[in-house]
1. What does the charge add up to near Arg130, with Lys and Arg as +1, Asp and Glu as -1, over the other residues with Cβ less than 9 Å from its Cβ?
2. Of all the Cα-Cα pairs you can form in the stretch 104-253, what percent are over 28 Å apart?
3. Sorted by packing (mean other beta-carbon atoms within 10 Å per residue), highest first, where do 305-313, 98-106 land?
4. With every protein chain kept in place and ligands, DNA and RNA left out, what is the accessible area per residue of the stretch 97-179? Probe 1.4 Å, answer in Å².
5. Measure nothing fancy, just the Cα-based angle from helix 246-259's long axis to the longest principal axis of the chain, in degrees from 0 to 90, nearest 10.
6. What is the gain in length, in nm to one decimal, between Arg359 and Arg247 on full extension, counting 0.36 nm per residue of separation less the C-alpha to C-alpha distance?
7. Treat every Asp and Glu Cβ in the chain as -1 and every Lys and Arg Cβ as +1, leave all other atoms uncharged, and give the resulting dipole magnitude about the Cα centre to the nearest 20 debye.
8. Going by a ≥ b ≥ c, the root eigenvalues of the Cα gyration tensor, does the stretch 337-387 fall in the rounded group (a/c under 1.5), the prolate group (a/b larger than b/c) or the oblate group?
Amino acid sequence: MAVSTASTVSVTSAPPHPNRPRITELRLSAFAGHRRAVLPLGPLTVLAGPSGSGKTSALRAYDALARLGGGARLGTVFPDPVACVPERARPDAQHRRGFRIGCTADGAAGPVHLDVAVQAEPELRIVGERLTADGVVLLETALRDPGRRAVQAAWHTAGSAPVTRAPLPDDRLGTPLLPLRVAGKTDGQRRVLAAAEQMVVALRSVFACDPRPGRMREPVPTGSGRLLGGCDNLADVLWRTRAECGRRHAQFVAAVRAGCAGPVADVLAEPVAGGVVRALLDRGDGTRTGLARLGYGELRYLALALVLFTGPGVLEVDPAGEVPAALQTLTVLTDGFDRGLDVRQRAELLRLAVRMCDRGHIRLVAAVADAAWAAGTDGVTVVDLGT
């Protein structure tokens with residue numbers, strides 16, 4: 001695996017918050033086709049490699065950690081856990097097989113590392129979790145009794161007793177549960193809480209996105225106005241966002257103009273019979289073009305540009321509500337970032353992504369087959385999984 005990291009581009013926007021929690025490394029110790037893989041993550045990271053190199057599984061592992069960090073149960077996150085077990089992994093004497101993933105979150109508490117071991121067979125459960133910072137184990141869990149639906153947890157106390165022990169459920173991550181268990185009375189406990197909060201905040205705001213042009217062409221019912229991962233309801237979101245911030249919408253229109261054929265004076269949505277709305281391009285001469293007439297690449301470009309211009313309030317994500325938005329970063333995960341795009345669209349979308357990621361409120365992890373077109377671009381970290 002080769003990694004190419006370019007310098008960060010300088011822009012005139014407000015500098016990113018230096019202590020904003022963010023995931024800076026993804027570890028796939030044993031997951032699907034990955035063994036001992038360590039993937040550095042910058043503000044804009046491109047995962048490159050041919051089909052079968054593990055780009056999609058890396059994104060899936062990141063998304064799984066994010067959902068676990070939000071408190072989701074293991075069975076919901078891994079509906080087919082056996083598919084996550086490395087193909088050549090052999091069961092132990094108790095017929096157990098599993099996988100291991102982890103990540104590093106940087107922020108005010110410094111680098112905090114989370115590593116999780118999951119048993120996939122004979123039944124799905126978390127069998128080990130470790131949260132560490134500066135070489136200190138802040139939380140450690142282990143499956144002591146296979147007959148109990150719990151793991152034994154020990155967290156750093158640094159008080160009259162060095163650690164506190166208690167059982168935690170084996171179908172949920174322990175780190176997001178710590179604020180309910182740790183009193184925060186000692187320096188050690190406060191350190192545990194700070195590290196756990198940093199990890200959870202860094203993981204929580206993740207939007208997995210893979211636009212599906214076939215569904216974007218149809219009118220959609222008005223709803224929450226929050227964009228789905230497939231961008232099927234793009235018309236509903238435009239119906240909402242066009243009126244919310246004129247400046248941001250003007251920037252979005254300019255981006256669409258740069259990537260779509262023909263003149264573009266506006267991008268809007270309008271109601272049609274049946275209580276639905278449809279999205280249109282206003283050509284500026286009285287002509288309006290429905291999305292049904294746009295090409296596959298134009299629709300993916302338009303959807304990804306909209307994602308980059310919006311945030312947790314518009315995208316279907318579950319941010320940490322107890323943390324101010326200024327201290328959170330939205331991470332977008334997208335497979336096939338350049339799928340269907342022509343050279344011009346690809347370059348414009350990358351330029352937009354670099355600009356938005358450099359502001360600090362959004363990060364992007366994108367998978368592509370070949371990153372030669374992105375390598376050497378300021379602000380882009382290229383991770384080649386094919387070498």
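The values are calculated or read from the model by the stated rules, or taken from the named source; none is laboratory data. None of the values given here were measured: they were computed from a predicted structure. Positions of Cβ are generated from backbone atoms using ideal geometry, with glycine treated the same way; all protein chains shown enter the neighbour counts. Note: areas computed on protein heavy atoms with side chains; ligands, DNA, RNA excluded. Shrake-Rupley method; radii C 1.70, N 1.55, O 1.52, S 1.80 Å.
1. Details: positive: none; negative: Asp115, Glu129, Glu140.
My count for the surroundings of Arg130 gives -3.
2. Working: 4936 of 11175 pairs.
Counting pairs separated by more than 28 Å, the tail of P(r) holds 44 percent.
3. Taking the mean over residues of other Cβ atoms within 10 Å, the ranking is 98-106, 305-313.
4. Values: 3390 Å² over 83 residues.
With all protein chains present, the stretch 97-179 gives 41 Å² per residue.
5. Around 80 degrees separate the two axes.
6. Stretched fully, the Arg359-Arg247 segment lengthens by 38.7 nm.
7. Values: 47 positive and 38 negative charges, 62 e Å.
Taking the Cα centre of the chain as origin, the dipole is about 300 debye.
8. oblate
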